[in-house]
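Working notes, structure below.
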Amino acid sequence: MAIELNVNGRSYSVDTDPGTSLLTVLRDHLGLTGSKYGCGEGECGACTVLINGNSRRSCITPVGHVHRQKVTTIEGLERAGKLHPVQQAFLDADAYQCAYCTAGMIVTTVALLDSNPHPTDAQIAEFLGGNICRCGTYPRILAAVRLAERALAQGGAR
Amino acid sequence: MNEKETVREEETRANETLAPERYELFAPPAYHFDLERRNFLKVMGGGVGVFLLVRNPAVLGQGRESGQRRFGRPALPENVGAWLHIAPGGAVTVYTGKVEIGQNIRTSLAQQVAEELRVRLDSITMVMGDTALVPFDMGTFGSMTTPVMGPQLRRIASAARDTLLELAAARWKTAKGPLVAEEGMVRDPASGRRVAYGVLAEGQTLAKTVVAADPPLISPEKWTVAGKPVKKIGATPFVTGRHLYPSDIVRLDMVYGKVLRPPAYGATLASLDASAAKALAGVVVVQDADFVGVVAPKPEIAEKALAALKATWNPAPAQPSSKDLFDYLRKNAAPENAQEEDRFAHTVGSVETGLAAARQTFAQTYTVAYIAHAPLEPRAAVAEWQEGKLTVWTGTQRPFGVRDQLVETFHLPADSVHVLMPDMGSGYGGKHTGECAIEAARLAKGAGKPVKLIWTREEEFTWAYFRPAGVIDVRAGLGADGKLVAWEMINYNSGPSAVNTPYDIPNQTTGFHPTKYPLRQGSYRALAATANHFARESAMSELAHMAGADQLDFRLKHLSDARLKTVFESAAKRFSWPGKKSEPGQGFGIGGGIEKGGRVATCAEVSVNPKDGSVRVRRVVVAFECGAIVNPDGLNDQVAGAQMMGLGGALFEAIEFADGKILNPRFSQYRVPRFSDLPRIEVVLVNRADRPPAGAGETPICGLAPAVANAIFDATGIRLRSMPLAPHGVKQA
């Protein structure tokens, strides 16, 4: 069955079962491998994407559920060759070690700061609580979120 | 360094070269390794290349030996490897078999080459873990990159610098002596003329061979590029999602694989009906004895095909469960390994005599559970056959080891197998083996197409290997002066790393008993040093309590290792040890030790909820010294990250198993540290630019668990002696 998707502003028609996970469609049908597989049960956050601006676990999202909805992945955050302020903040804060969790962390942070531009530390920990960094780089990730918060508050271009 | 310290240092070194390998998983050696770098110059084209005629035992110590022989000194082959190349134009390429798995060595090694070669950091490209291009390397483990590969590349870069000075001298027909190498150029101070390395390399097909490998090195005390904080180089693709991890590799015409797993360890295939799977469009079923897998044009079809396989299994043999684990280990000490036991046995004086003379005696047992590495990227491989040659992209800490396994499995000549290791989603000691690569290659052979295989999280939890569980017995005696007169510590199964005590005790015996063990086990960050530090440092605080002494004072009273003293004092100072309790449930603990040439001390503050017993680690101060610091930024991350990872093993991580099944093979069932567990972490780095750099990926994890156990005791009066300490909180009376 053909599913129509809008991913990062582009329209796609994908021939698969509607029960196929969005993550599989992104990675293995559309070649967007920035979103990662980590657990397949929505527990690690490595696969996080934005669906209509809300952060969602693509590994447990059946692609049929996002038919004709707006999906944004890590690859869709840059604008005109310029990094999104959250991407830039992670770069500036050196907020990764192996960086396999980074895409999910960044996408989740975009959603966080969009809904709550000035979160407390506890709110950050809660919002990113579903994103595992096995390397334990949380202190730097926290610093990156703060950098991004400031950049966005100062009108960092979206 | 005083004499005592020298002796201990040597003992530590001996322990380091042996201990880490006990549970490193190796493929059996199957053939004579061909060390030549055929076609290398053809690949490189012109320029200046540097080879090493290796007579460097540290590097050769990484020769491929396995089993018992690995503990002996192997006959040293003359390994001719090509390590560094300077292209016309000035681009520098460095080749190493070490791999980047998040420990940031792509950056720290490049810094050292830049320092020694006198070039800009951004002119260097590191080629890592590609078996067709880099010199043989045993693998990235045992904290060997910084103490072994670092100096190795520094020697190579120094030799290259020397070659460039020679080329400049010849070009200008002047003496080499006064010429200066800097900023990727050679300068003649007399005339002020300069020439870029790239210009010197132009038209050269020069390959310098360094014999004896002993060129002069720049002392860390004079470093200007190394020794400075540098962020992860080439990081942009990691924030844009463009970096291709092993699981992201795509090949033309590639299909997707799935492997049929038995329902329990040791269950064998009784029958298979694959007709329904084969009926699915594009599906190929591959069966080779007990190995059964499917390939399909898309992963979701492969999943369907796997589900459509109708297999029956012969029942698995009876197996111990996690409930009887520690009894099992203690009852199954393996006498056939007596020789290995002796190797790690260490006795000074007589423990029995010491105990007889003691005013107070102490005997306790500590245990550690099996835990999983759970790297966020599970095992992944893409395998491609072309004209009998096999290429595999896979996530591994041992690309050459995986290549050897493939060579052996498929009976191929060594040069027919090429393993590439794109920077991967970490390993922590958990990706030494090539199962996934072998499976992908077998499927690809059957499918006649390149195959991608990514293990599910459940497969990663079940079919990889674990950090060994262990039982550790401690006996000790306190003299009338409150000092230890006897110490005995025996580890069952988890390993000998750091089983020796760094404390001055006149009568001591330490040792390790291998046992039969129920789960596949292997390396893990710091290996048994985590278990042995947990036991020893918990016991030290118990003994301090018994002696009525402060945990820190008691340790310092028994310490003559100045470096360990320094880190204990540094951590304590930053922590404001002994701390002042300001609320109920608060407690402070300390732990530390020596491992892999580094010194670590950790102070922890915990808060135990008086109502539900839940434990929160509020603050961690960790002081670490590993000689000269190569990259303070990267080191900070390794140290802080180790605390975070250590929290899991300390408090709640444990593999549960029964009847050959893992009972909690998911992140929803196996809790790993999350943002909500993050304490305030303060890292104190002690730089010893006068000492050679030691590795830092492992040792910093060692002090955390005992510091937390000691803090929980301080908070509640309850002594917990099993890791994980409090998966369900502390039960209080």
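Brief remarks on what is shown
- Residue within region B:574-588 that is at pLDDT 95 or above, under 21 Å from B:Ala356 (Cα atoms), in a strand (DSSP E or B) and among the polar types (S, T, N, Q) present: no
- Condition check for B:Ala226: small (Gly, Ala, Ser) and modelled with pLDDT of 95 or more: yes
- Scope region A:80-102; condition at the interface with chain B (Cβ under 7 Å from one of its Cβ atoms), in a helix (DSSP H, G or I) and buried (at least 24 other Cβ atoms within 10 Å of the Cβ); matching residues: A:Gln87, A:Phe90, A:Thr102
- Where helices (runs of 4 or more DSSP H) fall entirely within region B:333-449, those with at least 2 residues that are more than 30 Å from B:Ala302 (Cα to Cα) are at B:338-344, B:351-357.
- Of all the listed residues (B:Lys445, B:Lys431), the sole one being under 22 Å from B:Ala132 (Cβ atoms), more than 14 Å from chain A (Cβ to nearest Cβ) and basic (Lys, Arg) is B:Lys445.
- Selected residue (only one of B:Ala544, B:Ala535, B:Ala531, B:Ala549 is within 14 Å of B:Lys483 (Cα to Cα), among the small types (Gly, Ala, Ser) and in contact with a Phe, Trp or Tyr (Cβ under 9 Å, 6 or more places away or on another chain)): B:Ala544
- Test result for B:Pro693, over 20 Å from the mean Cα position of the chain (by Cα), more than 14 Å from chain A (Cβ to nearest Cβ), buried (at least 23 other Cβ atoms within 10 Å of the Cβ) and of a type outside the set (A, V, I, L, M, F, W, C): no
- Selection of strands (runs of 3 or more DSSP E) fully inside region B:243-298 by the criterion of at least 1 residues being within 14 Å of chain A (Cβ to nearest Cβ) and buried (at least 21 other Cβ atoms within 10 Å of the Cβ) returns B:255-259, B:291-296.
- Total residues in region B:629-676, condition assigned to a helix (DSSP H, G or I), more than 9 Å from chain A (Cβ to nearest Cβ) and aliphatic (A, V, I, L, M): 4
- Among the residues of this structure, B:Gly203 does not count as one that is in a loop (DSSP other than H, G, I, E, B) and crowded, with 19+ Cβ neighbours inside 10 Å.
- Just one of (1) within 26 Å of the chain's Cα centre (by Cα); (2) closer than 30 Å to A:Arg134 by Cβ fails for B:Arg442. It is (1).
- Of residues in region A:108-147 being within 11 Å of chain B (Cβ to nearest Cβ) and touching a residue at least 60 places away in the same chain (Cβ under 8 Å), the one nearest to the chain's Cα centre (by Cα): A:Thr108
- Residue satisfying all of: in region B:64-95; within 21 Å of B:Pro151 (Cβ to Cβ) and touching a helix residue (DSSP H, G or I) at 6+ places or on another chain (Cβ under 6 Å); modelled with the lowest pLDDT among these: B:Leu76
- Residue pairs meeting the criteria (Cβ under 7 Å; at least 6 apart or on separate chains; first among the aromatic types (Phe, Trp, Tyr), in region B:560-576; second not in a helix (DSSP H, G or I)): B:Phe568/B:Gly592; B:Phe568/B:Ala601; B:Phe575/B:Cys603; B:Phe575/B:Val621
A quick yes/no check of all residues on (1) surrounded by fewer than 24 Cβ atoms within 10 Å (Cβ to Cβ); (2) modelled with pLDDT of 95 or more:
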position	(1), (2)
B:Val382	no, yes
B:Leu390	yes, yes
B:Asp404	no, no
B:Val419	no, yes
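- Filter pass, B:Ala539 being crowded, with 20+ Cβ neighbours inside 10 Å, in contact (Cβ under 8 Å) with a residue 24 or more places away in the chain and part of a helix (DSSP H, G or I): yes
- All positions within region A:1-57 that are of a type outside the set (Lys, Arg), closer than 20 Å to A:Asp114 by Cα and in a strand (DSSP E or B): A:Val7, A:Thr48, A:Val49, A:Leu50, A:Ile51, A:Asn54, A:Ser55
- Subset of region A:64-78 that is polar (S, T, N, Q) and assigned to a loop (DSSP other than H, G, I, E, B) - its residue that is farthest from the other protein chains (Cβ to nearest Cβ): A:Gln69
The values are calculated or read from the model by the stated rules, or taken from the named source; none is laboratory data. Bear in mind the structure is a predicted one, so any value in this text is a computation, not a measurement. We place every Cβ from the backbone using ideal geometry, glycine too, and count neighbours over all the protein chains shown.
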